[in-house]
């Protein structure tokens, strides 16, 4: 429905910008409110930084915060960063604690500190406390707003509190209440559903589940996935090193973090590193980020090509080899990347551990032998027909066969090795793989050729 | 915690296999139960098909179903497929409707039909009804188990029903009850939280939200994301074309499907197509799937290399060019893939529409000019030093400059064009991009070289 709407009026963002220019915050808020979140994101993806600043600056901080909370993370951070620190802080103040922490965490350290400096020091400290945690540990995924009750309360107290808060909470998930002792330590969990079946005068200690499962603020995403896999809970309380209740991490937040991690792995594998790129970000930022990755690659490429330089005489004698060098390089890269992808997925799913090098290698080498034989045979036949010389076919085919076996072996192992060494396998596996396979491929083709040179030139 | 445990005893799967061989279903179930879901997945990732069959076959169908439900989708389907159809059907019967549909949908059509043939015809039809829907529409994502009440019921009826069912439901999410008329059409939603605040004799029509939001069984993932972005609901009822209530799609299921889509895009972009590969799948299946992708690539590569073949004389005259051809090819591929990745992400987030070709091109071409200039300059200097001839540097540098501009332009546009034409951009973008950029890169280098040949060989 909204899809069709946009096809017919693709320039919603221009309407928003016009309304902002007329300094009409109420009409602007209404226009934005009438769009779905993805249409809002679409509109902001098409604005320049100046237009974004104008639209956000025209809205009331409250309306701007509603908007910001619905945009994709990278886009929200980019939009907030277009504003002056005081205007940004006014909007940030209207967000919930977890939204604040996510947004501030996505900003550059300078922008983040500038905005925090404009917040009341209490609020700024709360955000600093939440952003202290990495995005992918329980502390970074939890919300600090939750339903807490003292251990001395009765069911009536809880129901009264719920009735008061139910307006404010709206559709928020309040499946559990948390019971704390006078020191703030978690002592029980109260499934809200139970409230229906007990007398209101019952003390909550009689109904709560004592010794509840909780997770430390430092628990990582992988372990959290495990906790939610093992239990059907929709939320798990998060405690700090002293056992104090700090927040709740919801199943939904964990699932969302898994999605983000997978999306980020895809981007990194394609050479988009240093954060998600949106096409309305400034040119210099987009070009610089991409170039920092490309410039590493070009040096790796030069290293691999130096192998060809060593064999120029061979190549000069059998120029047909030059036709096949890029094929060997590209095909080995393709085979190796398939193995990288399988290792990355098996690591992500916990199906392989980084120390299982031999197992992975033995599984890859067999695939490499089969596929290398098929590809080597094919390219060998093509080379023989192309040059009319079966020895060229033999050289090229044997090189692709061996290099395929090598490529899948290296491709399978590199993510495990990088993980063990503490590097990010999503970023580094591709370039490392292709550099090694290029070098070896060129060595194999040109090495074989120089050994059989008198056969090739005859 | 479990992490450390496994490091010290990495061969849990051998213990499971041993216990299965001793035909001790109870000890085996206990051993499996003691593992976390990710340790279970790890163990099964290390078993051969025969071992998997033995372990699953030893367990009671009920225990086996618990295990299967916790494994990653691809692994669960592969494990079930190791069994004979009747043994598999006994396990499938113990799963919930949505689990059955997911599992059956992941099997090969032959395996699926063989298992369905062993189920009672009612159950088989239910599954067929659910698998009718694609994985990424509301009908495929919904669960058919839900809390339905006739429109004539009172709150007391609802609470009594809840009390009866609360044991069976355990920690399942029952935030909403659904109110249907005598024809089975959805007429209202009952927020369970409301039950706390009203008299038991109240008719549910007085409390329910009438005219509730519902989605059609055919609504796709992208639109569902929008619905859940727009509203804070944890679940939305799903109705068929006649308005009959068919199930509920939960926020969690939508988030999970988004994760799967993103993981699948990553795999496809790396050449793992036709389903997720696990290393304990049979060799022939793994090799065949990978090879079907590689064989398309090798023909595309041969096409690109034919450009080199046309210019063999030029290459023979200036053999140094052969050193730089693979660099131009690889670097253009890298630049183009960055643009592909940004387009893929912007499409996934709804920030760009497939018809915005000019906008994407204009955003890419500027990045291409900047990065192409930087890379072209660098490679030009290297080539000049390498050969002592500034004309070689000029040819190579200019070629990389122009080809980078071309690569980012094509890389940015290809996903949009493929999407418009109804192809899967995740699968086809990469090979299409690299073939075109290889061809153009070789043309540019060798074309420039043949024009300036007398300068290059002097």
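Residue under question is residue A:330, and the condition is that it be closer than 30 Å to residue B:275 by Cβ, assigned by TED's automatic domain parsing to the domain that holds residue A:418 and crowded, with 18+ Cβ neighbours inside 10 Å; does it hold? So residue A:330 fits the description; yes.
Quick one: would you say residue A:355 is assigned by TED's automatic domain parsing to the domain that holds residue A:328, in contact (Cβ under 8 Å) with a residue 12 or more places away in the chain and surrounded by fewer than 17 Cβ atoms within 10 Å (Cβ to Cβ)? Criteria met by residue A:355.
Of the listed requirements (1) part of a helix (DSSP H, G or I); (2) in contact with a strand residue (DSSP E or B) (Cβ under 8 Å, 6 or more places away or on another chain); (3) assigned by TED's automatic domain parsing to the domain that holds residue B:214; (4) modelled with pLDDT of 85 or more, residue B:161 misses just one: (4). Restricting segment B:12-32 to residues that are surrounded by fewer than 19 Cβ atoms within 10 Å (Cβ to Cβ) and in contact (Cβ under 8 Å) with a residue 24 or more places away in the chain leaves a set whose member that is nearest to residue B:277 (Cα to Cα) is B:21. State whether the residues of segment A:350-358 include one that is assigned to a helix (DSSP H, G or I), more than 7 Å from every other protein chain (Cβ to nearest Cβ) and closer than 20 Å to residue A:406 by Cα. Yes, some residue in segment A:350-358 is assigned to a helix (DSSP H, G or I), more than 7 Å from every other protein chain (Cβ to nearest Cβ) and closer than 20 Å to residue A:406 by Cα. Count of segment A:178-210 residues, restricted to those that are touching a strand residue (DSSP E or B) at 6+ places or on another chain (Cβ under 8 Å), part of a loop (DSSP other than H, G, I, E, B) and more than 11 Å from every other protein chain (Cβ to nearest Cβ), is 7. Residue-level analysis places residue A:205 outside the set of residues that are in contact with a helix residue (DSSP H, G or I) (Cβ under 9 Å, 6 or more places away or on another chain) and touching a residue at least 24 places away in the same chain (Cβ under 8 Å). When A:373, A:339, A:398 are checked against the criterion of being in a helix (DSSP H, G or I), touching a helix residue (DSSP H, G or I) at 6+ places or on another chain (Cβ under 7 Å) and crowded, with 23+ Cβ neighbours inside 10 Å, A:339 stands alone in meeting it.
For segment A:98-124, a residue qualifies if it is modelled with pLDDT under 85 and over 19 Å from residue A:75 (Cα atoms), and the qualifying residues are A:122, A:123. Here's a check for you: in segment B:281-303, which residue that is more than 7 Å from chain A (Cβ to nearest Cβ) and within 20 Å of the chain's Cα centre (by Cα) is farthest from residue A:382 (Cα to Cα)? My answer is B:281. Select from segment B:215-241 the residues that are away from chain A (no Cβ under 14 Å) and part of a loop (DSSP other than H, G, I, E, B) and write down the one among them that is nearest to residue A:33 (Cα to Cα). For segment B:215-241, the residue satisfying everything is B:217. Exactly one residue out of B:407, B:373 is in contact (Cβ under 8 Å) with a residue 40 or more places away in the chain and either over 30 Å from residue A:36 (Cβ atoms) or under 30 Å from the mean Cα position of the chain (by Cα) (or both): that is B:407.
The values are calculated or read from the model by the stated rules, or taken from the named source; none is laboratory data. Being a predicted model, the structure only gives us computed values, none of them experimental. So basically every Cβ, Gly included, is an ideal-geometry build from the backbone, and we count neighbours across all protein chains shown.
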